[in-house]
Amino acid sequence: MPVNPRLERLADNPFSKLRELFDGVQPRSNEPVLPWAVGEPQHAPPPMLAQILAEKAEFWNRYPPPAGTPEYRAACAGWLTRRYRLPAGMVDPDRNVMIVNGTKEALFLCPQMAVPQEKAGRVPTVLLPNPYYNVYNAGAIFAGAEPVYLDCTKETGFLPDLDAIPAETLERCALFYLCNPANPQGAIADLDYLKKAIKLARAYDFVLLADECYSEVYQRREPPGALQACAELGGSLDHVLVFHSLSKRSNAAGLRCGFVAGDPHLIERFSHLRSYAGAAVPVPIQEAAVALWNDEAHVDANRVLYRRKFDIAQNYLEGKFGFYRPEGGFFLWLDVEDGEKAALTLWRDAGIRTLPGAYTARANPGSANPGQRFIRVALVHDDATIEAGMKRLLRALT
Ligand SMILES: Cc1ncc(COP(=O)(O)O)c(C=O)c1O
């Protein structure tokens, strides 16, 4: 039966590779298994979430407005304006914001909207950080683009080196995924970096897609956002889209709710595509999400909990495995020399699931896979579990 051959090229799901690695291997100890490979928040969502869903149950019979209720879009615009200290009116809820059912699917769909058949007479490129969230790569491949993997190493500050991208690649570029803070390394792009990326997008006429879903989980300084950089550049949102989610900010990964904001022409086209290809978000969910975007107390409390987890990790890992406290996000990115070997050892000898860094990245011709030496550890469980897990990790790896 004929199938889309591009489907065959989607073969980089890190969790499928992890299942293969652990196939037939059982942990030796009978200690409880620690699922530290998946970046799933474990803190409880704020109680208002369930309460509002129950209060608004009457709306389950309604077809939701595909671009979001006016109240939802206003809450998102208000949050962006407060969080990034944007000039009033810079983000118009009607022209610059659309709802999405979590950001994953929208990240996949965005290149289906933004990639033309050809650019500069050739196959368009989509730029992504390497390591990368695998949905970026899938979205690029399905749109018929050539994915270009920009190595993010310690030497590049774990962000793509904007100066190293060849002009020919930029000329063909249709879309650039920038993950800020970066998953997995937790690096934060500063405002100068963001301004430079926006200028490149405008000069070479491509979409800068800033995936800011970890923006609210940070250690010391608030990560700046791409819209803040737009404000500093004069206020135009041209060529820029930011993606935000309640999954990590509000521990509501199951709610499937986020938004995309930015360039009004892109929002219009993306809404058009989503009106065919995207699931609308139910009204009770939108009602609860309005309250979540309007509340910062639960987000502040969440950050305190994450900082404590990094305190515990630091106590055990300081000076080992290239430990550093990531500026943002909730992952440890540990240099264990051979990430696959270490992940297997941790699973077999300590019952801890971690993700080999190589599974989130790929080797460019002539270079090593930038994730090869690393494991990614999701620091999402309670303090006592992390404490016990750190002891098990050290026992197994040293
Ligand atoms: C970098 C990155 N972007 C986007 C997402 C998608 O999040 P959601 O679909 O829950 O909004 C994730 C999820 O883990 C992620 O790690």
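Criterion first (in a helix (DSSP H, G or I) and among the hydroxyl-bearing types (Ser, Thr, Tyr)) does Tyr136 satisfy it?
The answer is yes for Tyr136.
Exactly one of these conditions fails for His381: (1) under 11 Å from Leu34 (Cα atoms); (2) touching a strand residue (DSSP E or B) at 6+ places or on another chain (Cβ under 6 Å). Give me its number.
For His381, the failing item is (2).
Looking only at residues that are closer than 24 Å to Ala279 by Cβ and away from the ligand (no atom under 12 Å from the Cβ) in region 110-136, which one is surrounded by the most Cβ atoms within 10 Å (Cβ to Cβ)?
Val126
Name the helices (runs of 4 or more DSSP H) wholly within region 149-265 that hold at least 2 residues that are away from the ligand (no atom under 16 Å from the Cβ) and touching a residue at least 60 places away in the same chain (Cβ under 8 Å)?
226-232
Any residue that is under 19 Å from Cys257 (Cα atoms), part of a strand (DSSP E or B) and in contact with a strand residue (DSSP E or B) (Cβ under 8 Å, 6 or more places away or on another chain) - is there at least one of those in region 86-97?
Yes - at least one qualifying residue is present in region 86-97.
Which of the residues belonging to region 291-330 are more than 25 Å from Lys154 (Cβ to Cβ) and assigned to a loop (DSSP other than H, G, I, E, B)? Before the answer, list the steps.
From region 291-330, those more than 25 Å from Lys154 (Cβ to Cβ) are 291-305, 308; that's our starting set.
Matches in region 291-330: Asn294, Asp295, Glu296.
Residue by residue through region 211-251, note down the ones that are touching a strand residue (DSSP E or B) at 6+ places or on another chain (Cβ under 7 Å) and either outside the structural domain of Leu159 (by TED's automatic domain parsing) or hydrophobic (A, V, I, L, M, F, W, C) (or both).
Cys213, Val217, Ala226, Leu227, Cys230, Leu237, Val240, Leu241, Val242, Phe243, Leu246
Within region 74-109, which residues are among the small types (Gly, Ala, Ser) and within 16 Å of the ligand (Cβ to nearest atom)?
Across region 74-109, the qualifying residues are Gly102, Ala106.
Please specify each residue of region 80-109 satisfying the condition of being over 17 Å from Ala289 (Cα atoms), touching a residue at least 40 places away in the same chain (Cβ under 8 Å) and under 18 Å from the mean Cα position of the chain (by Cα).
If the condition is that a residue be over 17 Å from Ala289 (Cα atoms), touching a residue at least 40 places away in the same chain (Cβ under 8 Å) and under 18 Å from the mean Cα position of the chain (by Cα), then Glu105, Ala106, Leu107, Leu109 are the ones that fit.
Here is a list of conditions, (1) crowded, with 19+ Cβ neighbours inside 10 Å; (2) closer than 23 Å to Ile52 by Cα; (3) not aromatic (Phe, Trp, Tyr), and His239 meets all of them except one; can you say which number that is?
Every condition holds for His239 apart from (2).
Among Trp347, Trp333, which is the only one that is at pLDDT 95 or above and assigned to a helix (DSSP H, G or I)?
Going through Trp347, Trp333 in turn, the sole match is Trp347.
Quickly run through region 356-398 and pick out the residues that are surrounded by fewer than 23 Cβ atoms within 10 Å (Cβ to Cβ) and of a type in the set (S, T, N, Q).
Listed by number, the residues that qualify are Asn364, Ser367, Asn369, Gln372, Thr385, Thr398.
Of the residues Pro70, Pro64, which is touching a Pro at 6+ places or on another chain (Cβ under 8 Å) and surrounded by 13 or more Cβ atoms within 10 Å (Cβ to Cβ)?
Every option except Pro64 fails the conditions.
Look through region 27-44, keep the residues that are away from the ligand (no atom under 16 Å from the Cβ) and within 10 Å of Gly389 (Cβ to Cβ), and return whichever of them is modelled with the lowest pLDDT. Working first, answer last.
Restricting attention to region 27-44, the residues satisfying the condition of being away from the ligand (no atom under 16 Å from the Cβ) are 27-34, 44.
Next cut, within 10 Å of Gly389 (Cβ to Cβ) only: 31-32, 34.
On the way: Glu31: 92, Pro32: 95, Leu34: 97.
This residue is Glu31.
Is there a residue being farther than 24 Å from Asn369 by Cα and surrounded by fewer than 24 Cβ atoms within 10 Å (Cβ to Cβ) anywhere in region 160-167?
Looking through region 160-167, none of the residues is farther than 24 Å from Asn369 by Cα and surrounded by fewer than 24 Cβ atoms within 10 Å (Cβ to Cβ).
Quick one: which residue in Glu40, Glu31 is on the phi < 0 side of the Ramachandran plot, touching a Gly at 6+ places or on another chain (Cβ under 8 Å) and among the acidic types (Asp, Glu)?
Numbers: Glu40 fails: touching a Gly at 6+ places or on another chain (Cβ under 8 Å).
Checking each option against the conditions leaves just Glu31.
Considering only region 275-285, state which residues are modelled with pLDDT of 95 or more and in a helix (DSSP H, G or I).
Listed by number, the residues that qualify are Val283, Pro284, Ile285.
Within region 277-293, can one find any residue that is aromatic (Phe, Trp, Tyr) and away from the ligand (no atom under 16 Å from the Cβ)?
No, region 277-293 contains no residue that is aromatic (Phe, Trp, Tyr) and away from the ligand (no atom under 16 Å from the Cβ).
The values are calculated or read from the model by the stated rules, or taken from the named source; none is laboratory data. The structure presented is a predicted model; accordingly, all values stated were derived computationally and were not measured. Cβ sites come from the backbone with ideal geometry, for glycine too, and all protein chains shown count toward neighbours.
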